[in-house]
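> Have a look at this one before I ask anything.
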Amino acid sequence: MSLEQEMKLAVNGDRKLNLAELDWLTAITGEQQQLHLRTEYFDTPQLKLKQQGIALRMRQMDDQWVQTVKSSGQVKDGLHQREEWEHPVLNGEFDLPQLRQTPLAPIVDDSGSWKQLQRLFYTAFQRDVYLLEAEQDTLIELAYDFGEAGSGDHREMIHEIELELRHGSLDVLRQIAERLKTELNLSYNNRSKAEIGYKLYQKNQTN
């Protein structure tokens, strides 16, 4: 289990950003990579996991698979802090022993509830990753996501920047987030991708 701390910034508009235009950002960028991600989110039709503040997802990153359990945690002014259990898996199959080490254990051990789990929504996006080597020995992973969430016939654009604190100063993380917000057309984003997906799923159920 780890504590995830990240700032989320929504991009206001559908034009893809060119972060390379920001000289100060380029100056502190170390490694870069581009990934194509597709993530399936699971719950019961009655949203039992959501009601318990738990999210379960299976993510494919190129040819790798990762299962993740997240708690709802707390969100304020775009800063998301939540517990996360993440493990690589084979062929997109859930690792039940690992899931039993998370708050999902009661669901896994209840065969009736576990059998009710189904894919409710998905996200699919391109992610541009920048490792930022900032002051005060602070390492930040900047992820720029451009794609969509979908459930049934409903879709919503995903266009956001996530700044995850790997180690170092939370104040430095906030400063970088504020500078990006000031220089680009961004706003602090308190919604997770899961929240977007649940909204689409519930809209799909009412049609």
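> Which angle between 0 and 90 degrees, to the nearest 10, do you get for helix 193-206 versus the longest principal axis of the chain when only C-alpha atoms count?
Once rounded, one gets 50 degrees.
> Related question: Compute the signed sum of charges (Lys and Arg +1, Asp and Glu -1) over the other residues within less than 13 Å, Cβ to Cβ, of T68.
-1
> For segment 92-131 and segment 24-56, write down the distance between their C-alpha centroids in whole Å.
Computed from Cα coordinates, the inter-centre distance equals 12 Å.
> Now for a separate question. Give me Rg/Rg_expected for the chain, where Rg uses Cα atoms only and Rg_expected = 2.2 N^0.38 Å with N residues.
With N residues counted in the chain, Rg over 2.2 N^0.38 Å equals 1.05.
> Still on this model: So what's the Cα pair-distance distribution over segment 75-114, bin width 5 Å, in %?
Spelled out bin by bin, segment 75-114 gives 5, 19, 21, 19, 15, 10, 8, 2 percent.
> While we're here: Here are some pairs, K16/K181; K70/K115; K48/K193; K16/K50; K8/K70; which of them have Cα atoms lying more than 25 Å apart in this structure?
K16/K50
> While we're on this one: Counting only C-alpha contacts under 8 Å and six or more residues apart, can you give the relative contact order of segment 54-119 as a whole percent?
Dividing the mean separation by the residue count of segment 54-119 yields 25 percent.
> Still on this model: Order by neighbour count: L49, L117, L35, fewest other Cβ atoms within 10 Å first, most last.
The fewest-first ordering by Cβ neighbours comes to L35, L117, L49.
> Rounded, prolate or oblate, given the Cα gyration tensor of segment 98-196, with a/c below 1.5 counting as rounded?
Oblate, since a/c reaches 1.5 and b/c is not below a/b.
> Further, regarding this structure: Please turn the phi angles of segment 149-162 into ³J(HN,Hα) values with the Karplus equation 6.51 cos²θ - 1.76 cosθ + 1.60 (θ = phi - 60°), one per residue in order, whole Hz, x for glycine and proline.
Running phi through 6.51 cos²θ - 1.76 cosθ + 1.60 with θ = phi - 60° gives 10, x, 8, x, 8, 9, 9, 9, 5, 10, 8, 7, 10, 10 Hz.
Just so you know, all these numbers are worked out from the coordinates, no wet-lab data involved. Keep in mind that this is a model prediction, so the values were computed, not measured. Cβ: placed from backbone, ideal geometry, glycine included. Neighbour counts: every protein chain shown.
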